[in-house]
Protein chains: 2
Amino acid sequence: MNSFEFRIVKKDKNSKARVGVIKTPHGEVSTPVFMPVGTQASVKTLSSEDLKEIGAEMILGNTYHLYLRPGDQLIQKAGGLHKFMSWDRPILTDSGGFQVFSLNSLTKTSEEGVRFQSHLDGSYHLFTPEKVIEIQHALGGDIIMVLDEPVFYPCSFEQAERANQLTSNWAKRCEQAHKELKNKGFKHSQALFGIIQGSTYPELRKNSADALMKLDFPGYAIGGLSLGEPKTTTFEMVDLCISCIPDEKPRYLMGVGTPDDMVEAVSRGIDMFDCVLPTRNARNASLFTRFGRLIIKNSEYAEDFSPIDPECGCSVCKNYSRAYLRHLFNTGEVSALRLATIHSLYFYMDLMRVAKEAILKDSFLEWKTEFLREYQSDEKDEQNNSRSN
Amino acid sequence: MNSFEFRIVKKDKNSKARVGVIKTPHGEVSTPVFMPVGTQASVKTLSSEDLKEIGAEMILGNTYHLYLRPGDQLIQKAGGLHKFMSWDRPILTDSGGFQVFSLNSLTKTSEEGVRFQSHLDGSYHLFTPEKVIEIQHALGGDIIMVLDEPVFYPCSFEQAERANQLTSNWAKRCEQAHKELKNKGFKHSQALFGIIQGSTYPELRKNSADALMKLDFPGYAIGGLSLGEPKTTTFEMVDLCISCIPDEKPRYLMGVGTPDDMVEAVSRGIDMFDCVLPTRNARNASLFTRFGRLIIKNSEYAEDFSPIDPECGCSVCKNYSRAYLRHLFNTGEVSALRLATIHSLYFYMDLMRVAKEAILKDSFLEWKTEFLREYQSDEKDEQNNSRSN
C-alpha cells in the first residue's frame, strides 16, 4: 500500500501551468507549492505554529544535517521528524547529496557512494544510496529523494556525463533499497522521487530523464539548475526535463527560487519549489514584496510608519511598521529575524496561492504578465541556489 | 485629570501580601505583577503577540536605550512607544539613571544632572531630571520614573548619603517638570513614581523614603537592591522601605528577581517586579521551572522527549520536547532563544498568577512554603540585578 497520490485538478488553457493535489500520509498539499527549508528540523527563526500561521503546507528537512546532528537514530527514537519538530503536515527530505558536495571541499566519490568529512567535526562518513534511503526512512518524511551527484556550473560535458551515470545507477539502488525497507515493514508510505541531472547539456538532461523514467518514480525533481547559468538556459533545461516527465507525475524544481523565476516555472508546468532565499534574505534584512526586494535597513525607512506592504495579509504587516522593523535590525534584536522571515515566507505562500487562483480561473497568463510588470527582479538573487540554509 | 489608580482588592490574613489592581490609560494590571523587560522597544526574541499569549500585563521600556536609539522624538512621531512597538497594554519606562551609571564608566554627576557618553558611539549627552521627564513624556509610557543616582554594592555611607541627597533633589525637580508638562497639555495621564535609594543603610533608606513621601507620588519603587548584598540585608531594606510607604500606594521592587526572591518579596508586600533574569537566562539555555533552573544543553536531555515541565501550560511545553529544544540550542538555531524565553516568561507570569490566587484564598503562606520547598534556588542568579538586557 502506498498512500502517495498526485492528482491534477486543473490545467491552464493558455500555458502549461496546472493546479494539483499531492496526497501524503500527513495530509494533502495543493500545488504549485513552495516548501520552506527546515534544514536542521527547524525553518530558521520560526516555530511550527508560525509555519502554520503563514500557511506552509509542506516543508523540507535535510538528510545531511539531520544525520550529523542530532542523528537520524535519535529522531527515529523521538517518533520521526514530524514528532520531533512538532510538525504534523507533510515533510520532504532531501537526500543530502547536494550538501555533501557543497559543504565539503574533500569528497571521494566512487560507484559505492560518497565519502565525506563532517563540516562540524571533520569525522569521516560514507553515504551510499542504500544508506541515505535508510536514513530517510528513519526520519520518516513523506517524500524522500534519491542520492544524486550534483554538478555545479560551469561543468564540462565529460564531468556531467560521468556524474549522470552515477546518478542513474544510484537511483536504481535507491529504488531497490526503498522497496526492501518497505517490505521489511518500515515506513511503507513514503514516496521516493528521482532527480534529473545533466547540467546544461540537453543530451545529458534527456539521458538522465530517460534512465529515471524507466524506474517509474512517483515524482521527479529537476536538480542542478539556477546555479549561475544564463536564465534562458535554465528554462530551456526546465522545458526539456518537463517534456520527459509524464504529465501525471509531480515535478519539483529544486532550489528555485526568486518569485519571478517561480512564476515563470509554474507557467512551464512545475509543481513544487524549495529555496532558502526568502528565509536567508530575511535574516539579512532583505524582504520580498510584490514590488521586489525591500532593504529594510535603508535610512529612507527610519521614519516610515507604514507596513512593509499595506496590502500584505501577514501578521507583521498588520502589526508593525517599516520604522519599527528597521529599528529592530539596527539594534540587533533577534526578533527582527523572525518578523522578517514571517513576512517573506508569507509572501512566497501567498504568491503560490494567487497563482493557483489564476490557473483555476484560466487567467494565469494575464496574472503572470501583471505580476512580472510590477515585480522588480534583482539579479543578485538569481545565483543563490542552495538547498540548505 | 489623572487616570492612574491603585486599588487593593485583598490583603492576605497571615502575611503582608496583597492583591491589587493598577488602572492605567492602557488598561488594568493585576498585582503582584512581573513586568518583562523590553529594553529597546522589544522584549528580546518576542513579538507583542507572543507577550500577550504568555499573559504579560505590563512591560518595561528603557529611557536610556530608547533615547539613544531610535530616539524619543522618532517614537513620539510614531505615536508613542505603544504604537511604535504595537503593544496596547500598559508600559512602564525606567528613567535611565541605572543604565547611565551601569553602562558608562565615565559619568560626571552634578546637581544639574549627569553627563555621559553613549555606549554606542561615544557621543556626549546630559540627563537632567527635566530632560528624562521630557523624554518619558515623548515615549508615552503609563508609569514613568524619576531620575535617580543609584549606588552599587558595596558603597560607603558617605557616598550613599551624597547620592541620596541628589536623588531626592532630582525627585522634586522631576515632579515639578512632570506637572509643568501636564499643564502644557502633554500626556497628562502618566503616573510618576519615586525611587527610594539609600544602599544598605537603614538610616539612609529611611531618609530617602521620608523625603519622597513628602512629594506624594502615586507609587514608589525600591531601587539599589539585589546588587550583591546578603539576602537578609535585601529583605531588611525591603521591609524598612515598605514600612515608610503608605499602604494604598503600589510598591515596586526594581530589578528583582529570582522566583524565590519574588515570592518572598510578595509576602512582604511588594506589588511590582521587573528583571532580566527569565529572558537573559533563557537566551543562555537556562530555563526556569518550578523545580529550579534547567540547563537544557545538558547531555542528559539529549534523548529526553518529555516537555520542559509536563505541568506547564506554555505553548513550548505543549509542543516541544527537551531533546528538541536542546537540539535547537546545539545547532545554533535562533528559534531556540525565543522558545526558551516563552517558557521562562510564562513561568514567571504563572508564578504571579498562582500567588494571587493563593492570596485571594488566604492560603498564601502555605502556598509559599510549598513553593519554596519544591524550588531549588540557584545562588548564581542572585547577584544579577540589572534593569536592562
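The values are calculated or read from the model by the stated rules, or taken from the named source; none is laboratory data. Here the structure is a predicted model, which is why all the values come from computation and not from measurement. Virtual Cβ from ideal backbone geometry, glycine too; neighbours counted across all protein chains shown. These accessible areas exclude ligands, DNA and RNA; they are computed on the full protein's heavy atoms, side chains included. Shrake-Rupley method; radii C 1.70, N 1.55, O 1.52, S 1.80 Å.
Before moving on, here are some points about what is shown:
- Failed item, numbered, when A:Phe217 is tested on (1) farther than 21 Å from A:Thr109 by Cα; (2) in contact with a Gly (Cβ under 9 Å, 6 or more places away or on another chain); (3) open to solvent by 10 Å² or more (accessible area, probe 1.4 Å): (3)
- Strands (runs of 3 or more DSSP E) contained entirely in the stretch B:254-304, each with at least 3 residues that are touching a Pro at 6+ places or on another chain (Cβ under 9 Å) and closer than 25 Å to B:Ile144 by Cα: B:272-274
- Residue match in the stretch A:282-297 (condition: within 11 Å of another protein chain (Cβ to nearest Cβ), in contact (Cβ under 8 Å) with a residue 12 or more places away in the chain and farther than 30 Å from A:Leu215 by Cβ): yes
- The stretch A:294-307, residues that are within 21 Å of A:Lys318 (Cβ to Cβ) and of a type outside the set (Ser, Thr, Tyr): A:Leu294, A:Ile296, A:Glu303, A:Asp304, A:Phe305, A:Pro307
- Residue in the stretch B:303-320 that is among the aliphatic types (A, V, I, L, M) and within 20 Å of A:Val43 (Cα to Cα) present: yes
- B:Ile308 meets each of the listed conditions (1) open to solvent by 10 Å² or more (accessible area, probe 1.4 Å); (2) without any contact (Cβ under 8 Å) to a residue 60 or more places away in the chain apart from (1).
- In the stretch A:319-340, the residues that are more than 7 Å from chain B (Cβ to nearest Cβ) reach residues that are assigned to a helix (DSSP H, G or I) and among the basic types (Lys, Arg) with C-beta atoms within less than 7 angstrom, at least six apart or across chains, in these pairs: A:Ala340/A:Arg283.
- A:Thr200 vs. criteria part of a loop (DSSP other than H, G, I, E, B) and either within 22 Å of the chain's Cα centre (by Cα) or buried (at least 19 other Cβ atoms within 10 Å of the Cβ) (or both): yes
- Taken over the stretch B:364-389, residues that are among the acidic types (Asp, Glu), modelled with pLDDT under 95 and part of a helix (DSSP H, G or I) amount to 3.
- Residue within the stretch A:1-16 that is buried (at least 23 other Cβ atoms within 10 Å of the Cβ) and either in contact with a Ser or Thr (Cβ under 6 Å, 6 or more places away or on another chain) or within 14 Å of chain B (Cβ to nearest Cβ) (or both) present: no
- Checked against the criterion of being free of Cβ contacts under 8 Å to residues at least 12 places away in the same chain and at negative phi, the candidates B:Ser267, B:Ser243 yield just one match: B:Ser243.
- Helices (runs of 4 or more DSSP H) wholly inside the stretch A:313-363 containing at least 1 residues that are buried (at least 22 other Cβ atoms within 10 Å of the Cβ), among the small types (Gly, Ala, Ser) and modelled with pLDDT of 95 or more: A:335-360
- Being closer than 20 Å to B:Arg69 by Cβ and not hydroxyl-bearing (Ser, Thr, Tyr) is a property that B:Val146 lacks.
- Meets criteria (within 14 Å of chain B (Cβ to nearest Cβ) and either among the polar types (S, T, N, Q) or touching a residue at least 40 places away in the same chain (Cβ under 8 Å) (or both)) for A:Ser47: yes
- Selection status of B:Pro25, out of contact with any Lys or Arg (no Cβ under 6 Å at 6 or more places or on another chain) and open to solvent by 40 Å² or more (accessible area, probe 1.4 Å): yes
- From the list B:Glu374, B:Glu303, B:Glu370, the lone residue that is among the acidic types (Asp, Glu), open to solvent by 10 Å² or more (accessible area, probe 1.4 Å) and in contact with a helix residue (DSSP H, G or I) (Cβ under 7 Å, 6 or more places away or on another chain) is B:Glu303.
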